[in-house]
Amino acid sequence: MERDEIFQKVQEVLVDALAVDEDEVTPEASLTGDLGAESIDFLDIVFKLEQVFGFKIEQGELFPDNVMQNPEYVQGGRVTEAGMAELKRRLPHADFSKLEGDPQVTRVAEIFTVDALVNFCEAKLQRAG
Amino acid sequence: MRWMWIDRVVELVPRERLVAIKNVSLAEEHLHDHFAADPARDLPATPIMPMSLVVEGMAQSAGILVGHASGFQEKVVLAKVAKAELERDPTPGVTLRYTATIQSLTAQGASTQGVVEMLDHANPGAGFVRTGAVDLMFSQVDHNMSGLEFPEHNFVFGESFQTLLRSSGIDWPGA
């Protein structure tokens, strides 16, 4: 499946799950900051991606859990080096350049962009062959 | 039996589908306020079951279906109304039928699709007529709250739900 087609399907999923307009779903839009996603929406997005692409997404695979609550990874409201390494290990599909410049924990949500979702789906589809 | 918006479960296919009915009755007190007569505007009383309670009826139907999948061990909480399209007012004397189907189900939660139908007893030959759709998302909160803790007892599936299932002829798991 071509990347354009993957983007289009991700866009449809987000329009449906978040009740946003198609033109709001740009590659750089963040799910929470720009598109207004709340916690339950992430589960909704996971379910819808599974249905659209036919692959299975394990818990924490797309949106990792138990990282931000770990004192080794977050100290004084900032993501530690160990935390950054852990996030990168678990989220190879995300772009960390902005977060690395200003690793405030409140900015972690910004790495969950539409582009990161497309990267994730592309990699899953490639692995599935 | 408080806050129960279905009268009976008529079909349960575990982890797949649940069908429930609700008989709308003029004996329900809220119908006298929704809507009361307004003499100042020369409007007569118009008893209609609020659509929000139709959504709640579907949430209870789908919630039982999701809860049954884990033997009612999980605290299943309505987290999102993904879609609610309801086209006809339920008036006293009609029977609503809720058909909830599981779309996705994991340890964290579930998404369900629901069809609402109405039987008008003044026109029984027409049978149940589709009047809308209510799609929902449920969270199994003990798996989702990032460290927040909830009481150990299951505050969702209490005695009212147990009574409903028992009177519908469905065994409560472990009972």
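Bear in mind these aren't lab numbers, they're just calculated from the coordinates by the rules spelled out. Model, not experiment: these values are computed from the prediction. Heads up, the Cβs are rebuilt from the backbone with ideal geometry, glycines too, and the neighbour counts pull from every protein chain shown.
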Cut-off 13 Å (backbone N to label point 7 Å along Cα→Cβ of A:S97), residues of segment A:20-41: A:28
Fewest-first sequence of B:V9, B:V129 by Cβ atoms within 10 Å of each Cβ: B:V129, B:V9
A:V52/B:F128 FRET efficiency (R0 30 Å; Cβ-Cβ; nearest 0.05): 0.45
Highest-MSF residue in chain A out of A:D34, A:D44, A:D65 [GNM, Cα springs under 10 Å]: A:D65
Ranked A:I6, A:I45, criterion: other C-beta atoms within 10 Å, fewest first: A:I6, A:I45
Derived scalar couplings ³J(HN,Hα) [segment A:103-110; Karplus, 6.51 cos²θ - 1.76 cosθ + 1.60; whole Hz; x for Gly, Pro]: x, 6, 4, 5, 9, 4, 4, 5
For B:L43, A:L43, order by how many other beta-carbon atoms lie within 10 Å, fewest first: B:L43, A:L43
Computed over chain A: relative contact order in percent, which uses C-alpha pairs under 8 Å that are six or more apart: 32
Helix runs (DSSP H) in chain A reaching 15 Å along axis by Cα, Kyte-Doolittle at least -1.0: A:3-18, A:39-53, A:114-128
Degrees between helix B:51-69 axis and first principal axis of chain B (Cα, 0 to 90, nearest 10): 30
Estimated distance in nm for a label pair at A:S39 and A:N66, the labels positioned 7 Å out from Cα along Cα-to-Cβ: 1.7
Amide H contacts under 5 Å for B:S104, placed H, 5+ residues apart: B:S111
Using a Förster distance of 41 Å, the FRET efficiency for A:A85-B:T95 (Cβ separation, nearest 0.05): 0.10
Taking chain B and dividing mean pair separation by its residue count, relative contact order in percent (alpha carbons under 8 Å, at least six apart): 24
Diffusion constant of segment B:71-149 at 20 °C, which comes from Stokes-Einstein with the Kirkwood Cα-pair radius and 1.002 mPa s, µm²/s: 149
Loop-located GluC sites (Glu not before Pro) in segment A:27-85 whose Cβ has at most 16 other Cβ within 10 Å (DSSP): A:E28, A:E38, A:E58, A:E61, A:E72
21 Å tail of the calculated P(r), chain B, as % of Cα pairs: 51
